[in-house]
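Colleague: Below is the structure I would like to discuss, written out as structure tokens.
Each reported figure results from applying straightforward, stated rules to the coordinates on display, with no laboratory input. Source: prediction; values computed, not measured. Here the Cβ positions follow ideal geometry from the backbone for every residue, glycine too, while neighbour counts run over all protein chains shown.
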Amino acid sequence: MVDFELVEKLREKANISYEEAKAALEKTNGDILEAIINLEKENRIEAPKDGGYYNSKDSDHNTGNSAHYRDSKGDFRGADGTSFREMARRFFKWCGKLFSKGNRNSFDISKDGVKVMSIPVTVLVLLLLFIFWLTLPLIVIGLFFGYRYSFAGPDLGKETVNRTLDSVATAAENLKKEVKVNKNERADGENPNN
């Protein structure tokens, strides 16, 4: 059974009588879009002149088979009405902002309080993404050789981030000292002159 609202919507969109609208909707189990297509095929209504497509996006009784549709220009649109072109533009704009932010901030490497190197965060991320098996071990090994790392810049040069990196460097130094002390104790214990 087809409800009155659907008949009214189809009647308005296709400019047909209530009886024709009801019959067309009953054939398609209440699918407005399918009813309009069938009416076009039967030449009972005229197809859009600009080559556009009908859709039932605003219909509460949409079957939900597809969250995408084509607009009158043939562009695919998402469920929220944005075109693929618009979504791609937004994505590239977001990537550009992220790239810009990565270039404004830097990853600083220092030893004994002297800055040895500073690289943009974008470069660090690319190194970690593509050659992480080399980059990550070098960063960890650098900690044991007394190198300290920090972020500088308007977005990442925050106190909490750098404090965390300092605590990691301090932990690496403590571990190095502990290993050195244990090694010396073992060497002293094996020495018969002591």
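Colleague: What is the fewest-to-most order of Met87, Met117 by other Cβ atoms lying within 10 Å of their Cβ? Walk me through the intermediate numbers first.
Modeller: On the way: Met87 14, Met117 11.
Going from least to most buried by this count: Met117, Met87.
Colleague: For a quick protection proxy, order the peptides 142-153, 120-131, 89-100 by their average other-Cβ count within 10 Å, most packed first. Could the numbers behind the result be given before it?
Modeller: Numbers: 142-153: 16.3, 120-131: 14.3, 89-100: 10.9.
For the peptides 142-153, 120-131, 89-100, the packing ranking is 142-153, 120-131, 89-100.
Colleague: Setting aside same-chain residues fewer than 8 positions from Lys13, which lysines have a Cα under 19 Å from its Cα?
Modeller: Cross-link targets: Lys22, Lys27, Lys41, Lys49, Lys57.
Colleague: Taking 0.36 nm per residue of separation and subtracting the Cα-Cα distance, what length does fully extending Ala171 through Asp188 add? Spell out each step's value before the answer.
Modeller: On the way: separation 17, 0.36 × 17 = 6.12 nm, distance 2.56 nm.
In short, 3.6 nm is gained.
Colleague: Can I ask one more? Quick one: if you stick a label point 7 Å off each Cα along the C-beta vector at Lys41 and Lys180, how many nm between them?
Modeller: The modelled label-to-label distance comes out at 8.4 nm.
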